[in-house]
Amino acid sequence: MARAWQAAARSNCIRRAVGAVLVRDGQIIAEGWNGVAGEYPDCRAAGCRRCIEGGATGSGYESCICIHAEQSAVAQAARNGIATEGSSLYVNLRPCLQCLTLCLAAGVNRVFFAGDSWEYPSEVERIYCVLCDRLDEFARVDNSVAALED
């Protein structure tokens, strides 16, 4: 989890710094952080409406131009030709519904998260929990957990 927090330090999102690490067979295979790429110093300068105007955690992403840390880590693995099947994801914030769906599609089978606690409204949370149940493990861990469990 410590590596997820280190990855978060590379974020250029003005709203929240999130980092994610994919691990398979005890080895880090990819890292990601949220924000915008390119010539922009941060998402405000790039014009991200969601980050500028705010919104509830877990919603409003249709107006957000930032890539999520989980998406960035999966994309980094794909770009480098590294399979994510059977991997574990460590992230310093509970993944959103879309990132959880992406992880399942990418073959991630364990998700460990830390940081602030948040939930969707009850109807969406029920769907979220159905997806969590498809993972071998989905757990909130203490921020001090630094070991990569695989």
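The values are calculated or read from the model by the stated rules, or taken from the named source; none is laboratory data. Keep in mind that what you see is a predicted model, and the values were worked out from it rather than measured. Every residue, glycine as well, gets a Cβ built from its backbone with ideal geometry; the counts of neighbours run over all protein chains shown.
Take region 12-22 and flag every residue that is farther than 17 Å from T57 by Cα and either surrounded by fewer than 22 Cβ atoms within 10 Å (Cβ to Cβ) or modelled with pLDDT under 95 (or both).
Selection gives N12 alone.
Any idea how many residues of region 1-59 are of a type in the set (G, A, S), closer than 18 Å to Q76 by Cβ and in a loop (DSSP other than H, G, I, E, B)?
Residues meeting the conditions: 5.
With the condition kept exactly as written, say whether any residue in region 61-82 is part of a loop (DSSP other than H, G, I, E, B) and closer than 15 Å to L135 by Cα.
no
Among the residues of region 99-133, which ones are without any contact (Cβ under 8 Å) to a residue 40 or more places away in the chain, loosely packed, with under 11 Cβ neighbours inside 10 Å and part of a loop (DSSP other than H, G, I, E, B)?
S117, P121, D133
Could you identify the single residue in G32, G58 that is under 18 Å from Y128 (Cβ atoms) and either within 17 Å of the chain's Cα centre (by Cα) or among the small types (G, A, S) (or both)?
Checking each option against the conditions leaves just G58.
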